[in-house]
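Read the structure below first, then the notes.
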Amino acid sequence: MTVTSAGAAAETRAEATQALISAGRTLFTQLGYRRTDFADLASTAGLTEEFARELLPDKAAVFGALTERTVKVAGILRPVVTEGVDEDLPVRLARTYLALWEPNEEDSPMVELYRVALSDKEASQVLRERISKTLNGQVDRELPSGDAELRTALFGAQLGGVAFVRHLIQVGAVASADLETVIATIAPGLRQTLLGSDATP
């Protein structure tokens, strides 16, 4: 479809934005971040470049929107956090986040996302900023201690490291182990990082 900005209804703009994000997933995965031009994103989405830039101004914005759509961290983690800050919170968060990486019939969208980000400095920065905004911001506001931001960031780094080793470089036992076994093994460290010395093992 070819859409211009004149008279575009909110529903049309929403559909066009989704088309642009879907084009981003296709082209970023196939070509890599650096080789993907914004004009190609617009063309693949069936949009004029002018209208596409009204929706998302550049390819960094497209990748950021793709990150948020793929991760959906804010919506997924909110009910986990609102269940309460207790000794089980780190495990609930770990299970919810790491499940996003588990493959279904094809590669996990999270694996695709991180492969793209690791190939380009700008993409990596966009990914870090979006993950920090959605993951860390959702959790650290619920923690009572003054160093909650640091604890949450380190907690996220631990989970990211496990996901990286398990799915991107696929290191032996970590990659082959059952997810619940992985979570149970790292749970004491996650509790200590997120909740501090008062956490009950």
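The values are calculated or read from the model by the stated rules, or taken from the named source; none is laboratory data. This is a predicted model, so every value here is computed, not measured. Ideal geometry is used to build each Cβ from the backbone, glycine not excepted, and the neighbour counts take in all protein chains shown. Heavy atoms of the whole protein, side chains included, go into the accessibility calculation; ligands, DNA and RNA do not. Shrake-Rupley method; radii C 1.70, N 1.55, O 1.52, S 1.80 Å.
Observations
- For Asp58, solvent-accessible area (1.4 Å; no DNA, RNA or ligand), Å²: 70
- On the basis of the beta-carbon distance and an R0 of 35 Å, Ala184 and Asp37 show a calculated FRET efficiency of 0.15.
- Exposure ranking of Ser108, Ser124 by accessible area [1.4 Å probe, largest first]: Ser124, Ser108
- Contour excess over end-to-end distance, with Cα ends at Arg128 and Arg95 and 0.36 nm allotted per residue: 9.8 nm
- For the pair Val85 and Glu112, label points projected 7 Å from Cα toward Cβ lie 3.7 nm apart.
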